[in-house]
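Structure, as structure tokens:
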Amino acid sequence: MHRFSKRNYYSMKIVYTIGDLQSHLAVCRAQGNRVGLVPTMGALHEGHASLVRRCAAENEKTVVSVFVNPTQFNDPTDLEKYPRTPEADNSLLERCGATLVFAPSVAEMYPEPDKRQFSYAPLDTVMEGKYRPGHFNGVCQIVSKLFDAVQPDRAYFGEKDFQQLAVIREMVRRMHYPIEIVGCPIVREPDGLAMSSRNARLSAEERQNALKISQTLFESLTFAPSHTVAETRRFVEDAIAGAPGLRLEYFELVDGDTLQPIADWQCTSHAVGCITVFCGAVRLIDNITYKKP
Ligand code: PAF
């Protein structure tokens with residue numbers, strides 16, 4: 001476990017246990033404050049910062065959880081290699097207006113194995129659900145535990161994890177959580193690459209190669225209006241196949257609400273392209289909206 005240093009933060013508290021978290025929240029609630037939650041796995045970047053800033057602007061108290069959740073990793077190497085930068089995370093969180101950081105240990109969140117099964121087919125069986133079996137079950141396990149512990153009024157998630165956002169919205173609907181789920185736009189590097197904690201694992205050459213992912217998605221936006229769905233899919237697949245150092249896992253054009261593949265542009269008012277690409281050993285995801293509802 002990565003404990004933060006003993007450095008004091010002026011206005012931000014760091015707690016490690018659900019008991020301490022709830023003691024602080026009880027005081028916040030007694031003062032009539034609304035509480036927003038930003039769940040993260042740390043290795044924070046500007047994308048997370050945008051969620052925290054928005055949360056701080058919309059709620060009196062902003063809780064940020066920092067926890068690398070083992071149950072959502074289907075690949076042990078990915079879990080082991082997931083970047084961990086607690087000191088830098090804390091500085092960023094304080095600058096962005098977080099009031100409480102919850103950084104539990106694995107034993108705190110999983111005192112015994114979580115046997116719960118969350119199944120929201122077909123939302124969680126396509127795309128990431130197909131290629132990362134068990135991933136969304138792990139996401140729902142940890143997010144539901146965080147919701148139960150924090151009981152936020154609002155919770156903030158990035159649209160880069162487009163499918164995750166849809167699955168969490170469905171979990172909230174089915175479990176009747178009285179929580180408003182706020183989806184926040186993808187934040188990109190100046191050259192267009194979607195920000196991701198995994199970008200830190202790219203070599204300089206891989207970082208250059210990875211740029212082709214967002215470039216291709218943006219080019220496909222221009223291509224799509226005069227071409228069919230199948231042609232647009234092929235345009236993206238061919239561009240990635242021809243790019244050095246990239247291996248396409250999938251590119252799907254889906255209805256943005258059901259996440260089911262679309263056959264033509266007319267069958268939906270919300271069309272989204274979701275892509276996953278291996279850049280060397282690093283798995284990167286991104287998405288682009290062709291039609292907004
Ligand atoms: O998106 C993430 O960083 C994680 O999946 C989340 C929502 C914090 C759950 O571990």
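Structure notes:
- For first residues located in region 36-62 and over 23 Å from GLN141 (Cβ atoms), partners that are acidic (Asp, Glu) and lie 6+ apart or on another chain with Cβ distances below 8 Å form the pairs ASN59/ASP153.
- The lone exception for PRO293 - which of (1) more than 22 Å from THR125 (Cα to Cα); (2) modelled with pLDDT of 95 or more; (3) not in a helix (DSSP H, G or I) it fails: (2)
- Taking the listed residues ASN33, ASN74, the one that is closer than 30 Å to ILE285 by Cα and surrounded by fewer than 16 Cβ atoms within 10 Å (Cβ to Cβ) is ASN74, with no other qualifying.
- Residue that is modelled with the highest pLDDT [pool: residues in region 1-41 that are touching a Pro at 6+ places or on another chain (Cβ under 8 Å) and among the aromatic types (Phe, Trp, Tyr)]: TYR16
- Test: residue in region 30-45 that is assigned to a helix (DSSP H, G or I) and out of contact with any Ser or Thr (no Cβ under 9 Å at 6 or more places or on another chain): yes
- Neighbours by Cβ (under 6 Å, 6+ apart or cross-chain): first from region 126-139, within 12 Å of the ligand (Cβ to nearest atom); second at pLDDT below 95: ARG132/ASN74; HIS135/ASN74
The values are calculated or read from the model by the stated rules, or taken from the named source; none is laboratory data. Bear in mind the structure is a predicted one, so any value in this text is a computation, not a measurement. In this analysis, Cβ positions are derived from the backbone assuming ideal geometry, glycine residues included, and neighbour counts consider all displayed protein chains.
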